[in-house]
Amino acid sequence: MGGAYRSERFWLQVLPAVVVISCALSAANAQDNFWTGTASTDWNTAGNWSLGNVPTGQNAIVDTAPANIATISADISATPNDIVVRGGGRLDHTAGTAGTGGGSWMFVGQNDTAGTYNLANTGSVAGGITGFAQGTGSLNATGNLLVGAFGDNRTGTVRVNTSGTLAVSGELFIGDSQNSVGDFSLETGVLTVNNKILVGNNRGVGTLTMSGGTLTKTGGDETFVGRDNGTGTLAQSGGTVTLNHNLYVG
């Protein structure tokens, strides 16, 4: 049993290294387009971005939380490469459909900093676990969704209270790597993940809290809660969880 685990762990270590190299090459070809909030809170307004256009094949970087918080309130008019929320930045997604470019990732917390993504009606305070009323937005992360993950000293917060969906075509990491913390709250909505789910991995601290909604893992990979010296918590008081492969705790 121990030998099989070590063999699996070896491949987990090697394969991500290949992915990182691939992503680094991709990122080198994609410009960073930074949120400024100069004109308004509207994601679809060109004047709110450092390059003077809504991110199109560029990395959309939200790394500040100005008075005009970046807000998606309608279908995004162009598709970015990666979506990155870091540096204390906050992205609110109240309505409409958004996503990353083909196979690209979404980072919530990066470069030793914190980030927050709210898929909810942030214009109305409510008493549920997200603190917000239900929105109608949907997000498609065509690669991985990384919440305080994939590097040390990152903090990521994701709150989901929507009538829409959050679809992750790759893997979902919540709290991964040393001194990194991920916090994911699902109040309503449909969360689907195609590959692995890791909550508290590789010396990180991760928490997944559900009071409603549905979580479905569709691929053949496992779900891990607390692995490789990580601390993971899965707290479910409502909703439905469907995992079509093994769940490992600790």
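The values are calculated or read from the model by the stated rules, or taken from the named source; none is laboratory data. Please read these numbers as outputs of a predicted model, since none were measured by experiment. Backbone-built Cβ (ideal geometry, glycine too); neighbour counts: all protein chains shown.
Here are some notes:
- Annotation note: Cβ proximity below 8 Å between a residue of segment 180-193 that is touching a residue at least 40 places away in the same chain (Cβ under 8 Å) and on the phi > 0 side of the Ramachandran plot and a residue that is surrounded by fewer than 24 Cβ atoms within 10 Å (Cβ to Cβ) and outside any strand (DSSP E or B) (sequence gap 6+ or interchain) occurs for no pair.
- Condition met for GLY52 (without any contact (Cβ under 8 Å) to a residue 24 or more places away in the chain, farther than 20 Å from GLY170 by Cα and assigned to a loop (DSSP other than H, G, I, E, B)): yes
- With respect to being assigned by TED's automatic domain parsing to the domain that holds THR231, part of a strand (DSSP E or B) and under 16 Å from the mean Cα position of the chain (by Cα), ALA149 falls outside the description.
- Any hit, segment 226-234, residues being among the β-branched types (Val, Ile, Thr), surrounded by fewer than 21 Cβ atoms within 10 Å (Cβ to Cβ) and farther than 17 Å from MET106 by Cα: yes
- Residue count for segment 64-106, restricted to those that are in contact with a helix residue (DSSP H, G or I) (Cβ under 9 Å, 6 or more places away or on another chain) and either under 23 Å from ASN153 (Cα atoms) or acidic (Asp, Glu) (or both): 3
- Residues (closer than 20 Å to GLY143 by Cβ, surrounded by fewer than 24 Cβ atoms within 10 Å (Cβ to Cβ) and of a type in the set (S, T, N, Q)) located in segment 48-88: THR56, GLN58, ASN59, THR79
- Residue satisfying condition, being of a type in the set (Ser, Thr, Tyr) and either part of a loop (DSSP other than H, G, I, E, B) or at pLDDT 95 or above (or both), within set SER26, SER22, SER40: SER40
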